[in-house]
1. Could you give log10 I(q)/I(0) at q = 0.17, 0.26 Å⁻¹ for the range 1-89, computed by the Debye formula over C-alpha point scatterers of equal weight, without solvent?
2. So for 45, 13, fewest C-beta neighbours within 10 Å to most, what's the order?
3. Give the dimensionless ratio obtained when the Cα radius of gyration of the range 1-41 is divided by 2.2 N^0.38 Å.
4. Which ³J(HN,Hα) values, rounded to whole Hz and listed in residue order, are derived for the range 24-33 from phi using the Karplus coefficients 6.51, -1.76 and 1.60 in 6.51 cos²θ - 1.76 cosθ + 1.60 with θ = phi - 60°, glycine and proline given as x?
5. What does the net charge come to around residue 48 if you take all other residues with beta carbon closer than 15 Å to its beta carbon, with K and R at +1 and D and E at -1?
6. Quick one: give the max-minus-min coordinate of the C-alpha atoms of the range 47-87 along each principal axis, largest first, in Å.
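Throughout, read-outs are computed from the coordinates displayed, never taken from laboratory work. These numbers come from a predicted model, not from an experiment. Note that each Cβ is placed from the backbone with ideal geometry, even for glycine, and that neighbours are counted across all protein chains shown.
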Amino acid sequence: MDRAIPCGNKVCMQRVQQRSHDLHRERVRKIKAIVDTKEPAANHMDHVRLNLKKEQQLEDKYSEIDRENRCLLQKNVHNHEATNHTKRGTATTWASKLEPWRKETRTSSHH
């Protein structure tokens, strides 16, 4: 059983099909993209782009961490000096190696 579309003239049918196919290919070629790939307009708005609250929270967090680190370092230095003082009878110069860092943290905390 032949299920092809009936046609009177095969040559005319091929021409019609070819024209239909060519028109379809032309329409496909002219299609424009639907996806918008442009930069969002909000990128030019500083108040949207910059998250000042988040920056402030991060700055507070890091300053708190730095403060805690300094406290721990001071305790460590104190314990080390006390241990060396009891062992040898005199203080060690290990704390003097810390002096440049102490000066740096004093100046950086005043910014």
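1. -0.95, -1.19
2. Sorted ascending by nearby Cβ count, the order is 45, 13.
3. Dividing the Cα Rg of the range 1-41 by 2.2 N^0.38 Å gives 2.10.
4. 4, 4, 5, 5, 5, 5, 8, 5, 9, 5
5. The answer is 0.
6. Ordered largest first, the range 47-87 gives principal extents of 61, 9, 5 Å.
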